[in-house]
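The values are calculated or read from the model by the stated rules, or taken from the named source; none is laboratory data. From a predicted model like this one, the values you see are computed outputs, not experimental measurements. Glycine also receives a Cβ, built like all others from the backbone with ideal geometry; neighbour counts cover every protein chain displayed. The protein model used for the area step is the full one, side chains on, heavy atoms only, and it has no ligands, DNA or RNA in it. Shrake-Rupley method; radii C 1.70, N 1.55, O 1.52, S 1.80 Å.
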Amino acid sequence: LSRRKQPDLAVQALGALGPRARLDLIGDGPLRGELEQLVRRSGLDKQIVFHGYLANPLPWVAKADVFVLPSFSEGIARAALEALHLGVPCVLRDIDGNRELIRPGHNGALFTRNEDLAEAVRASEAIALKPVDRSRKSLLPDAFRQKYAVEKYLHLVESR
């Protein structure tokens with residue numbers, strides 16, 4: 001929970017998503033106390049759970065409808081790759097390699113302006129609620145899968 005990851009944007013977006021929305025904040029960091037105060041001031045304390053550091057956050061991520069990472073300096077975060085692999089659509093800032101990772105309407109949404117985060121989450125919720133996606137198959141694009149990387153590496157080695 002640090003400034004560059006901008007967890008406060010996720011808190012603010014939750015307020016715009018309405019009373020049925022819920023946010024699980026996983027991790028710890030220098031902003032935790034400030035975020036807890038923001039949550040109380042905003043009246044969102046019944047909708048937001050601070051889990052702190054978890055040695056294995058994947059069970060929580062797997063249960064999520066949407067994975068949100070509003071970071072402005074973390075293009076292609078490992079956490080986003082893991083969420084997609086678990087079949088959870090991702091909402092990421094449109095920076096660095098995130099455009100290669102996210103195919104809007106298929107495996108998540110991208111946003112550029114802070115004020116567009118809530119709408120990007122709504123778009124990704126629609127993906128998560130499609131009956132065909134209930135099986136939670138991996139949403140990773142082929143170019144990010146292990147088989148693709150191995151094939152590319154072998155091609156590179158064999159062409160020498």
ask   = With all protein chains present and a 1.4 Å probe, how do 147, 5, 152 order by accessible area, largest first?
value = 147, 152, 5
inquiry  = Out of all DSSP beta bridges in the chain, what portion is antiparallel? Express it as a percent rounded to 5.
reply    = 10 percent
task = At 1.4 Å probe size, with every protein chain present, just tell me what the per residue accessible area of the chain comes to in Å².
result = 60 Å²
key: Whole-percent carbon and sulfur share, accessible surface of the stretch 33-160, 1.4 Å   = 54 percent
request  = Treat every Asp and Glu Cβ in the stretch 7-160 as -1 and every Lys and Arg Cβ as +1, leave all other atoms uncharged, and give the resulting dipole magnitude about the Cα centre to the nearest 20 debye.
outcome  = 460 debye
inquiry  = Exposed loop sites here are chymotrypsin sites (Phe, Trp or Tyr not before Pro) in DSSP loop states with at most 16 other C-beta atoms within 10 Å. What is the longest stretch of the chain lacking them?
reply    = 73-160
remark   = Only helices counted: for the chain, with every DSSP H run of 4 or more residues adding -39500 (n - 2.57) and the sum spread over all residues, [θ] at 222 nm is -11500 deg cm²/dmol
ask   = Around residue 71, what is the net charge, scoring Lys/Arg as +1 and Asp/Glu as -1 over all other residues with Cβ under 14 Å from its Cβ?
value = +1
key: Dipole of the stretch 19-115, positive direction: furthest Cα of 90, 49, 102, with charges on the beta-carbon   = 49
request  = Tell me the trypsin sites (Lys or Arg not before Pro) within the stretch 73-132 that lie in a loop according to DSSP and have at most 13 other beta-carbon atoms within 10 Å.
outcome  = 113
